[in-house]
1. Hey, among LEU37, LEU12, LEU29, which residue is modelled with pLDDT of 85 or more and either surrounded by 16 or more Cβ atoms within 10 Å (Cβ to Cβ) or among the acidic types (Asp, Glu) (or both)?
2. Does VAL131 fit the bill of being under 10 Å from the mean Cα position of the chain (by Cα) and either closer than 23 Å to ALA50 by Cβ or modelled with pLDDT under 80 (or both)?
3. For THR108, which of the numbered conditions (1) farther than 19 Å from LEU28 by Cα; (2) in contact with a helix residue (DSSP H, G or I) (Cβ under 6 Å, 6 or more places away or on another chain); (3) among the β-branched types (Val, Ile, Thr) fails to hold?
4. Of the residues ARG109, ARG89, which single one is of a type outside the set (A, V, I, L, M) and either over 23 Å from GLU39 (Cβ atoms) or touching an Asp or Glu at 6+ places or on another chain (Cβ under 8 Å) (or both)?
Amino acid sequence: MGLTEPGAGMDLEMAAAAVLADNKDVRLLLRVLGNNLKEALGDRVEVAHATGGLLHRQSEDVTSITVHLDTDDYEAQLEHGSVRCTVGRSSGGIRIRSEQLPVEQWLTRLLGSLQQEAVNNQSAQAALQNVIIGGGT
């Protein structure tokens, strides 16, 4: 039975908890999540990296990720050692609502949206599998 089949019994809260447990360091969590989603969803995911040093090179540290799914934008931004997560809804290109959530709820909603979209979209299915069972990064 696949991840997207009805009755698969995938508990999104358990999946979110597993992702968080594996990545207790918020910097590592953002980097792994951003890389896995970017690999599967391409330009629907924006990953911002920290810059610094003498040559202002981009580091591996991720400062924010934004995932565009249907009319929702899932944003996670590193702020002072913690992650601020929001879900924004747009209509006609205009943001009509924005909701701040704890990281666990944000991740559960993101995984739920990926699961819904994965029914008919292979890249969303790959993203969901990468986040839950780990990708190549």
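1. On the way: LEU12 fails: modelled with pLDDT of 85 or more; LEU29 fails: modelled with pLDDT of 85 or more.
Answer to the selection: LEU37.
2. Numbers: under 10 Å from the mean Cα position of the chain (by Cα): yes; either closer than 23 Å to ALA50 by Cβ or modelled with pLDDT under 80 (or both): yes.
When the stated conditions are applied, VAL131 passes them.
3. Unmet for THR108, out of (1) farther than 19 Å from LEU28 by Cα; (2) in contact with a helix residue (DSSP H, G or I) (Cβ under 6 Å, 6 or more places away or on another chain); (3) among the β-branched types (Val, Ile, Thr): (1).
4. Working: ARG109 fails: either over 23 Å from GLU39 (Cβ atoms) or touching an Asp or Glu at 6+ places or on another chain (Cβ under 8 Å) (or both).
Only one candidate passes the filter, namely ARG89.
Residues checked against (1) at pLDDT 85 or above; (2) surrounded by 15 or more Cβ atoms within 10 Å (Cβ to Cβ); (3) closer than 21 Å to GLU39 by Cβ:
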| site | (1), (2), (3) |
| --- | --- |
| SER59 | no, no, yes |
| SER64 | yes, yes, yes |
| ASP72 | yes, yes, yes |
| LEU78 | yes, yes, yes |
| GLY93 | no, no, no |
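The values are calculated or read from the model by the stated rules, or taken from the named source; none is laboratory data. Remember, it's a predicted structure, so these values are computed and weren't measured experimentally. All Cβ positions, glycine included, derive from the backbone under ideal geometry; neighbour counts span all protein chains shown.
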